[in-house]
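Presented below is the structure to which this report refers.
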Amino acid sequence: MIGTVLSVLWSQWTLLLGILLFLAYKWLTSTYDFFEKKNVQYEKPTIFFGNFGRILLRQESMFDMVIRFYLKFKDYKYYGLFEMRNPALVIASPEIIKQITIKDFDYFLNHRVVLDAEVEPLFGNSLFALKDQKWKNMRATLSPAFTGSKMRLMFQLVDECGRNASKFLKSEAKGKGPLEMDLKDFFTRFTNDVVATCAFGIQVNSVLEKDNQFYHMSRKATNFSGLAAIKFFMFSNCHKIMKLLKVKLFDEKFSKYFYSLVLNTMQERATKGIIRPDMINLLMEARKGILQASDVGKSGTDDGFAVVQESSVDGKVVNHIWTDDDLVAQCFVFFLAGFETSSVLMCFCAHELMENPEVQQKLIEEIDRVREDLGDKPLTYEVLQRMQYMDMVISETLRKWPPAIATDRVCNKSYLIGDKEGEGVKLYPGDVISIPIVGLHRDPDYFPNSDKFDPERFSSENKDQIQPFTYLPFGVGPRNCIGSRFALMETKAIIFHLLSEFTFEASPRSCVPISLDKTGFTLKPEGVSLFIAYKWLTSPYDFFEKKNVICEKPVIFFENFKSLIFRQESMFDMFKRFYMKFKKYKYYGMFEIRSPALNIASPEIIKQITVKDFDSFLNHRPVFDPEDEPLFGNTLFALKDQKWKDMRATLSPAFTGSKMRLMFQLMDECGHNAMKFLKSEAKGKGQIEMELKDLFTRFTNDVIATCAFGLQINSLLEKDNRFYHMSRKATNVSGFAALRFFLLTNFHQITKLFKIKFFDEKFSNYFYSLVLDTMQERAAKGIFRPDMIQLLMEARKGTLQASDVDKPDIDEGFATAQEFSTGQKPVNRFWTNDEVVAQCFVFFGAGFETSSALMGFCAHELMQNPDVQQKLIEEIDQVRKELGDEPLTYEVLQRMQYMDMVISETLRKWPPAIATDRVCNKPYVIDRESGDGVKLNPGDVISIPIVGLHYDPEYFPNPDKFDPERFSPENKTQIQPFTYMPFGVGPRNCIGSRFALMETKVVIFHLLSEFTFEASPRTCIPITMDKTSFQLKPAGGFWINFKPRREESLL
């Protein structure tokens, strides 16, 4: 069943793929003439990547890319850049930057928005995301909260966090000498405590209390990895879809925590009259309208060179009622800015001081003088702001490593960028402009020797020489960063306290000179993220080494599946190759992508695991669970643990020889119809060429219809009947269905979050109605029919008892799977509609693909081995002669010895299941008798390479030869147990083996009664396996000529 679905995923969408690729190409390249039309210089984009190819392929960082483009086009006032397929006009001219962001600000009011307020109010209502008049109102409301006077009130809280951080390091370093620290973790914990106290009035010490709730929630808010990263990507690129699905970036638990934190604090303070100099208090004043625009003062000389200038937008009086969402969102933005942006600034500052000891020494001297002047008095906001060299160091850090690499604006009305003469670039609403902050900061025309860390650029004598609009660490214009004073204050405070007690020195793991990580869009030294990504991909690679198990060295990302993924060999051939390479070992390792699976090559250990110790290996690896997709997830194949045991025991009586005998007449009629169809097609033509997969799929469709659902259908005559159409829909995984299948199997949490199902509502309704309405009608009218629905009705009522699991009174075939005690225990359990319907559904996958593949290989081998075909025809003719005018019966078919030998050999050479698996569910030692076995833990996977065992010359000499004599009465008893497993092994074997064998024998009987199988011009001889599929099928399809055995049969 799994091989079937995977096969269709790889092999049935070639035409659709071509169409989709063409449409994708047209869509992807539709914007690539944007700059050409406007006569703007640009670098030719690469399809899909745009100009971001080197970033996405991890060849350079975003930081380096922005610099490279800027320096390439710096002789131009502006140039074009394609961010994937989205064009952005990059402004390199300081004069035009001033024009756009200041003088003509109303033409470029907004940023590009990832999350709007309707989709995610926590982010969408923040000042950064708001648009147009609402942004103006909020900016004017909040600006008084970020003035120098308000920072002065907050400083005591920030300073206390800095002193706590310094004390922690002193206690850690006591008696140890130099102390190595991960700066990102350390500074993130510091900024967490600053945010906690300055925004929410919470006293936290995260360097001591590592896992406090506020830090945990803060990490959750700012951690965009795993599922959160995928959701954020979807918001950025598929905004409308996420809005339609009503998906939120933050889960309900986090949102409730955050809203409660802010609103409950406000309510308590209002009730008790509490005043605390923090963000919540300022927002309460803003809400009441007592935080007036008059509090917005012009930046003084001691605020710091990098502090942004407030604009007239900020000074307007606003009479606006702000909602809870509006106010809570402004607190929330502290998480994002405080955690990431500020901590990154601190990291780079400390690193540059470490790498430039003369600068560090000069700053330490200034700190020591300040401390001496203070005496026993605490550090104050005014004293910190007067520290000239401190400000020079932070300003230079912001120049060399601006946290915002670039900033953007969206044009909101038609605008002409260009010369006074009227020449220039016409922009329209929705067009995007980008300002390359890091490019300007690294331009040697503005900052000579720009790669050097030189705080003297910002000395009193030099800073006035810096050209306006070339230094933009906190953005530019009215839409600049409102929190610049806050960021500078907390950065200066922590550097002050740390350098008061410590110096920054290189450790063995320091990056000197610093190089940037190419795997992300944020500023960080190379090594950390790359190491983490590499470690994640390769983390299982020592799995077998630790267990002293032989394996082939995996290739990163592809592991042992490289030849399969690159279509160099088929899954069938790959499993054979691995088995033959390691067959002298009892077991060997294989990496399926990054998942290790222990392959068992020893028949004795296979028996031990799958039979004797079956309870330690109960389940298969799941694909869908019942909650995600009840039609598949409730099938016997997918069920787990006790529920599987109960369902197996319930269903086993439905697949006994006695029940097959009752179904035989229905199946035989389908075989007879197939034979009659071919006779009519061949009439007057002689031999006819047929593609066997289509022929046998239509035959198995009719068998399923009649034996499972009580429907009379002839799909060979009625090509597009509804049942066949729905059957194809159930097994066809292409287009959007292929995407859904991929997501369901690889991103379970995402599909569960978005409530994505594999089958659409129309198909599910049809299928449920087909089964349940039929059951209801039969129950009401007392109708009895020997089919699957009847057996399930009996099982549901409890009248299909375990006593029906009979021992065969005739030889049912060598390949028939043995029923174990699991399937013979009485079960007193009510089965839901989902569970009952799912057992009918599994007929589609198994019947359509697995059984039809068996028939195709059988017919092909008979064609390629005419001596075997002739011997089988002789047996068939002998049976027909003995029957006379009587119809074929189940008992007669089962007594056909050579027929069974042929089918058994087909199943050896072409097993529908290439391998089977089990998941360990309790600690277990494999081969413990040897004393050096392999210890497995719950969740570890073992694989049984069925095809490898079937082709092992020690068990089956000359295995490539099709030789039914292996299964003669004289020889079959010599086959070593647990080397022949066409229907799996142990209690978890295929419950439908009798059914599959019966329908295969029926159709071969009827076809060879009237035809011989001959090679056609399109027949694959010798047969080669399709490398694009996980399913067993020839590279060119199953093509065969049906040659009538006698002319009179066509009359």
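Got a number for residues in segment 689-712 being within 22 Å of A838 (Cα to Cα), under 38 Å from the mean Cα position of the chain (by Cα) and not in a helix (DSSP H, G or I)?
0
Which residues, counting only those in segment 797-831, are modelled with pLDDT of 75 or more and in contact with a Phe, Trp or Tyr (Cβ under 6 Å, 6 or more places away or on another chain)?
Result: F814, single match.
Of the residues in segment 158-206, how many are surrounded by fewer than 22 Cβ atoms within 10 Å (Cβ to Cβ) and assigned to a loop (DSSP other than H, G, I, E, B)?
Of the residues in segment 158-206, 13 are surrounded by fewer than 22 Cβ atoms within 10 Å (Cβ to Cβ) and assigned to a loop (DSSP other than H, G, I, E, B).
Take F105 and decide whether it is farther than 20 Å from F34 by Cα and out of contact with any Leu (no Cβ under 6 Å at 6 or more places or on another chain). Let's see the steps before the verdict.
Working: farther than 20 Å from F34 by Cα: yes; out of contact with any Leu (no Cβ under 6 Å at 6 or more places or on another chain): yes.
Spelling it out, F105 is indeed farther than 20 Å from F34 by Cα and out of contact with any Leu (no Cβ under 6 Å at 6 or more places or on another chain).
Among the candidates L488, L440, which residue alone is under 26 Å from R139 (Cβ atoms), outside the structural domain of A165 (by TED's automatic domain parsing) and in a helix (DSSP H, G or I)? Let's see the steps before the verdict.
Working: L488 fails: outside the structural domain of A165 (by TED's automatic domain parsing).
Among L488, L440, only L440 is under 26 Å from R139 (Cβ atoms), outside the structural domain of A165 (by TED's automatic domain parsing) and in a helix (DSSP H, G or I).
Which one of L639, L662 is surrounded by fewer than 19 Cβ atoms within 10 Å (Cβ to Cβ) and either closer than 21 Å to K797 by Cβ or among the aliphatic types (A, V, I, L, M) (or both)?
Values: L639 fails: surrounded by fewer than 19 Cβ atoms within 10 Å (Cβ to Cβ).
Answer to the selection: L662.
Among all residue pairs at least 6 apart or on different chains, which show Cβ distances below 6 Å where the first residue, located in segment 95-115, is closer than 19 Å to I437 by Cα and the second is of a type in the set (G, A, S)?
T101/G477; I102/G477; F105/G477
Six or more apart or on different chains, Cβ atoms under 7 Å: show the pairs whose first residue is in segment 853-874 and more than 14 Å from E1014 (Cα to Cα) and whose second is modelled with pLDDT under 95 and among the charged types (D, E, K, R).
Taking only residues 6 or more apart or on different chains, the pairs are A853/K1033.
Is at least one residue of segment 671-686 in contact with a strand residue (DSSP E or B) (Cβ under 9 Å, 6 or more places away or on another chain), at pLDDT below 85, surrounded by fewer than 16 Cβ atoms within 10 Å (Cβ to Cβ) and not charged (D, E, K, R)?
Checked segment 671-686: at least one residue is in contact with a strand residue (DSSP E or B) (Cβ under 9 Å, 6 or more places away or on another chain), at pLDDT below 85, surrounded by fewer than 16 Cβ atoms within 10 Å (Cβ to Cβ) and not charged (D, E, K, R).
If a residue has to be without any contact (Cβ under 8 Å) to a residue 24 or more places away in the chain and surrounded by 18 or more Cβ atoms within 10 Å (Cβ to Cβ) to count, how many in segment 917-958 make the cut?
0
Restricting attention to segment 879-897, does a residue exist that is farther than 21 Å from F983 by Cα, of a type in the set (A, V, I, L, M, F, W, C), buried (at least 20 other Cβ atoms within 10 Å of the Cβ) and assigned by TED's automatic domain parsing to the domain that holds L936?
Yes; the residues of segment 879-897 include at least one that is farther than 21 Å from F983 by Cα, of a type in the set (A, V, I, L, M, F, W, C), buried (at least 20 other Cβ atoms within 10 Å of the Cβ) and assigned by TED's automatic domain parsing to the domain that holds L936.
Pick out the one residue from L208, L227, L183 that is assigned by TED's automatic domain parsing to the domain that holds H351 and at pLDDT below 80.
Result: L227 is the single residue among L208, L227, L183 that is assigned by TED's automatic domain parsing to the domain that holds H351 and at pLDDT below 80.
Among E423, E355, which is charged (D, E, K, R) and over 48 Å from the mean Cα position of the chain (by Cα)? I'd like the intermediate steps shown before the answer.
On the way: E355 fails: over 48 Å from the mean Cα position of the chain (by Cα).
None of the others qualify; the one that does is E423.
Residues that are of a type in the set (S, T, N, Q) and on the phi < 0 side of the Ramachandran plot: find the helices (runs of 4 or more DSSP H) completely inside segment 583-688 holding 2 or more of those.
Numbers: elements: 603-607, 630-633, 641-651, 657-682.
Because the criterion is at least 2 residues that are of a type in the set (S, T, N, Q) and on the phi < 0 side of the Ramachandran plot, the helices (runs of 4 or more DSSP H) in segment 583-688 that meet it are 641-651, 657-682.
Look at segment 91-118 and say how many of its residues are surrounded by fewer than 20 Cβ atoms within 10 Å (Cβ to Cβ), under 37 Å from the mean Cα position of the chain (by Cα) and more than 16 Å from T407 (Cα to Cα).
Counting residues in segment 91-118 that are surrounded by fewer than 20 Cβ atoms within 10 Å (Cβ to Cβ), under 37 Å from the mean Cα position of the chain (by Cα) and more than 16 Å from T407 (Cα to Cα) gives 2.
Among what's in segment 564-582 and is surrounded by fewer than 22 Cβ atoms within 10 Å (Cβ to Cβ) and either on the phi > 0 side of the Ramachandran plot or among the polar types (S, T, N, Q) (or both), pick the residue that is modelled with the lowest pLDDT.
R567
So that you can scan it fast, the table gives a plain yes or no per residue for (1) at pLDDT below 85; (2) part of a helix (DSSP H, G or I); (3) over 44 Å from the mean Cα position of the chain (by Cα); (4) not assigned by TED's automatic domain parsing to the domain that holds T197:
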| residue | (1), (2), (3), (4) |
| --- | --- |
| Y257 | yes, yes, no, no |
| I274 | yes, no, yes, no |
| L282 | yes, yes, no, no |
| R287 | yes, yes, no, no |
| L291 | yes, no, yes, no |
| S294 | yes, yes, yes, no |
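Being surrounded by fewer than 23 Cβ atoms within 10 Å (Cβ to Cβ), part of a helix (DSSP H, G or I), over 38 Å from the mean Cα position of the chain (by Cα) and modelled with pLDDT of 90 or more, is that true of even one residue in segment 501-514? So that I can check it myself, show each step before the final result.
Initial filter on segment 501-514 (surrounded by fewer than 23 Cβ atoms within 10 Å (Cβ to Cβ)): 501-514.
Among the residues that remain, those that are also part of a helix (DSSP H, G or I) are: 501.
After this cut, where a residue has to be over 38 Å from the mean Cα position of the chain (by Cα) as well, the list is 501.
From the residues that got through so far, the ones that are modelled with pLDDT of 90 or more too are none.
For segment 501-514, residues surrounded by fewer than 23 Cβ atoms within 10 Å (Cβ to Cβ), part of a helix (DSSP H, G or I), over 38 Å from the mean Cα position of the chain (by Cα) and modelled with pLDDT of 90 or more: absent.
The values are calculated or read from the model by the stated rules, or taken from the named source; none is laboratory data. Since the structure is predicted, the reported quantities are computational estimates derived from the model, not experimental observations. In this analysis, Cβ positions are derived from the backbone assuming ideal geometry, glycine residues included, and neighbour counts consider all displayed protein chains.
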